[in-house]
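Comments concern the structure below.
Every read-out reported here was derived from the displayed coordinates using simple, explicitly stated rules and does not represent laboratory data. Predicted model, so just to flag it, every value in this text is computed and none were measured. No Cβ is skipped: glycine too gets one built from the backbone with ideal geometry, and neighbour counts run over all protein chains shown.
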Amino acid sequence: MPQYAILRFEKHKGNPARPLEAHHERQKEKYASNPDVDPSRSQYNFHIVQPEGRYYHFIQSRIEQAGCRTRKDSTRFVDTMITASPEFFKGKSVKETAAFFQRAADFLIQRVGRENIVSAVVHMDEKTPHMHLTFVPLTKDNRLSAKEILGNRASLSKWQDDFHAYMVEKYPELERGESARETGRQHIPTRVFKQAVHLTKQAKRIEAALSDINPLNAGKKREETLALLKRFFPQMEDFETVLKKYRAGFSRLEQENAALAREAKAGSENKLHEQLEHNRLEIEVRELHRIVDAIPEDLKRQLRAQARQEQRREER
């Protein structure tokens with residue numbers, strides 16, 4: 001089976017720095033939205049670049065040092081995810097795995113500057129080892145410009161070419177995967193799939209609680225359901241916001257099914273796996289919307305009223 005070197009970028013405008021830091025640096029007690037995290041193995045995670053403090057403070061400090069002006073829509077930092085196909089890591093020792101990620105980090109350090117790297121942490125507590133390298137996109141002449149550093153689709157394809165060429169010098173078994181520019185596909189991060197599964201489980205608990213309400217227990221069950229909804233809706237809103245970024249990927253699903261089935265027969269297992277993952281996410285999203293649409297409007301109104309009351313209390 002082919003083994004691929006994987007490099008992906010995700011741009012951020014600043015606000016997600018804290019939750020991203022909590023995830024990357026394993027500062028949470030539980031990771032309900034990411035069931036692949038095994039906290040008992042988090043002790044084996046390690047840094048290639050240790051953060052000098054809170055992500056947000058480092059990012060803001062670098063921008064201020066550079067004397068950059070920012071807008072609300074300015075990309076303040078970039079989260080880079082680096083890994084390889086799961087098969088690549090099979091049989092490799094911790095030392096060999098660390099050497100792979102050190103080489104990958106060296107590639108990024110040469111491109112974006114060591115002084116601009118917030119953190120580079122390797123997660124060994126999920127199914128496949130991977131590294132999150134977060135950096136501030138400052139140019140050599142101290143301009144904040146993710147557009148110039150990452151470029152357009154053609155430039156991103158060149159990034160992939162250069163990354164593969166650099167890694168393959170030491171790891172000749174790694175292949176260059178097809179880019180989104182070449183395939184016309186939009187990559188949907190694994191965390192989006194995990195978030196969908198987590199939300200669907202919550203939604204089904206809410207659905208079960210609603211079905212249990214009867215005249216004898218209406219008061220108690222209604223309060224229990226409201227408590228579940230209070231936790232669920234903010235997470236659902238966040239998920240919908242994330243999903244908007246990848247909506248174009250869903251529009252191609254039905255068009256690609258027949259073609260990918262033919263490719264699978266010809267041995268394109270990787271493409272078939274990708275399509276199955278996309279289909280699974282689409283099914284999860286449809287199930288979520290089905291359950292949310294079935295929630296009684298009076299419960300939604302009561303929940304919104306409670307939220308307004310809490311907001312007014314906080315403003316006093």
Karplus 3J(HN,Hα) series, Hz, for the stretch 142-149 with 6.51 cos²θ - 1.76 cosθ + 1.60 (x for Gly, Pro) = 6, 10, 7, 8, 5, 4, 6, 6
Which ordering of His132, His289 is given by a fewest-first count of other beta-carbon atoms within 10 Å?
-> His289, His132
Largest first and in whole Å, give the semi-axes of the stretch 3-183's equivalent ellipsoid, each being the square root of 5 times a Cα gyration tensor eigenvalue.
-> 26, 22, 14
Search the structure for amide H atoms under 5 Å from the amide H of Ile48, placed 1.01 Å from N in the peptide plane, and list their residues when 5 or more places away or on another chain.
-> Ala120, Val121, Val122
Pairs over 20 Å Cα to Cα, from Lys72/Lys158; Lys127/Lys194; Lys13/Lys201; Lys220/Lys300, come to Lys72/Lys158; Lys13/Lys201
Pop a pseudo-label 7 angstrom from the Cα along the beta-carbon direction at both Glu25 and Gln3 and give the gap in nm to one decimal.
-> 3.3
